[in-house]
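First comes the structure, then the notes that go with it.
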Amino acid sequence: MDNVKLAIEAIKVQLMGAETIRLDDFDPDKTILAVIDMNKGFAQAGALYSPRVGRMIPDIVELSEKALLKGIKVYAYTDHHPEDAKEFSAYPSHCVGNTEESELVDPLAALEVKGLTTIFKNSTNGILAHNPAAMNLGISSYLVVGCVTDICVYQYAVTLRAYLNEHQLDGEVYVCESLVQTFDIEGFHHGDLMHGIFLKSMMDNGVKVVKEIKIS
């Protein structure tokens with residue numbers, strides 16, 4: 001356990017240099033906000049529910065609303081699986097389509113009338129469902145928030161960064177440390193450790209990990 005604590009502290013020191021960015025500094029026509037898996041199955045109740053994720057709901061909803069008001073496109077990705085999803089060989093059954101678990105949390109879903117776009121996905125990697133860098137939208141800034149740090153957020157951000165590299169496209173992928181989180185299961189999945197390790201790995205892969213996104 002002491003080694004785990006030391007590892008967490010070492011990673012925290014590395015992340016201390018992460019900058020704070022301001023939403024106002026981004027060109028709305030060249031920016032998107034990707035909200036990953038802030039659905040009822042992860043944020044409120046279900047086999048993969050985590051209170052650590054649920055606590056982010058108000059801040060992510062506020063950021064999403066402010067982004068939409070500024071004209072920034074907001075894509076909210078959510079698991080939406082068939083009952084026989086291949087993914088269930090690795091994870092418990094969760095977020096089956098047309099059940100409450102697969103729905104965005106209510107305050108986020110309410111933003112659909114203001115322009116938020118919901119994107120269903122059937123894997124841990126949202127880029128396979130919808131890759132905004134491949135849509136010729138002229139986007140150069142990708143802001144990523146949601147859950148979970150070491151699976152869906154990690155795969156989305158690193159795959160997006162790799163896509164930009166592969167196709168020689170200008171752009172930056174930003175992950176907000178304060179608005180991503182992972183689950184904690186004692187003796188199996190150390191939330192703080194996994195959160196830190198995968199944030200560092202994203203940085204090592206060219207993703208810009210920022211401390212905070214200020215909205216005013």
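Every number here is computed from the coordinates shown, using simple stated rules; none is lab data. All values reported here derive from a predicted model rather than from experimental measurement. With ideal geometry, Cβ positions are generated from the backbone for all residues, glycine too; neighbour counts draw on all protein chains shown.
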Over the Cα atoms of the range 27-203, how large are the radius of gyration and the largest Cα-Cα distance (Dmax), in Å?
15.3, 45
Need the list of aspartates and glutamates near Lys208 for cross-linking: C-alpha distance under 19 angstrom, and skip anything on the same chain fewer than eight residues off.
Glu19, Asp24, Asp25, Asp27, Asp150, Glu166, Asp170, Glu172, Glu177
Count the net charge of all other residues whose Cβ sits under 9 Å from the Cβ of Glu101, scoring Lys and Arg as +1 and Asp and Glu as -1.
-2
Would you give the gap between the C-alpha center of the range 94-142 and the C-alpha center of the range 64-93, rounded to a whole Å?
4
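Pairs Lys73/Lys214; Lys30/Lys200; Lys5/Lys214: which exceed 23 Å Cα-Cα?
Values: Lys73/Lys214 17 Å; Lys30/Lys200 26 Å; Lys5/Lys214 30 Å.
Over 23 Å apart, Cα to Cα: Lys30/Lys200; Lys5/Lys214.
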Looking only at Gly206, Gly196, Gly17, which one moves most when the chain is put into a Gaussian network model with springs between Cα atoms under 10 Å?
Gly17
State the antiparallel share, in %, of DSSP beta bridges confined to the chain, rounding to the nearest 5.
5
Computed over the chain, the relative contact order (Cα-Cα under 8 Å, seq sep at least six) in percent reads 27
Along Cα→Cβ, 7 Å out, is where each label goes; now give me the distance between the ones at Arg55 and Glu166 in nm to one decimal.
3.7
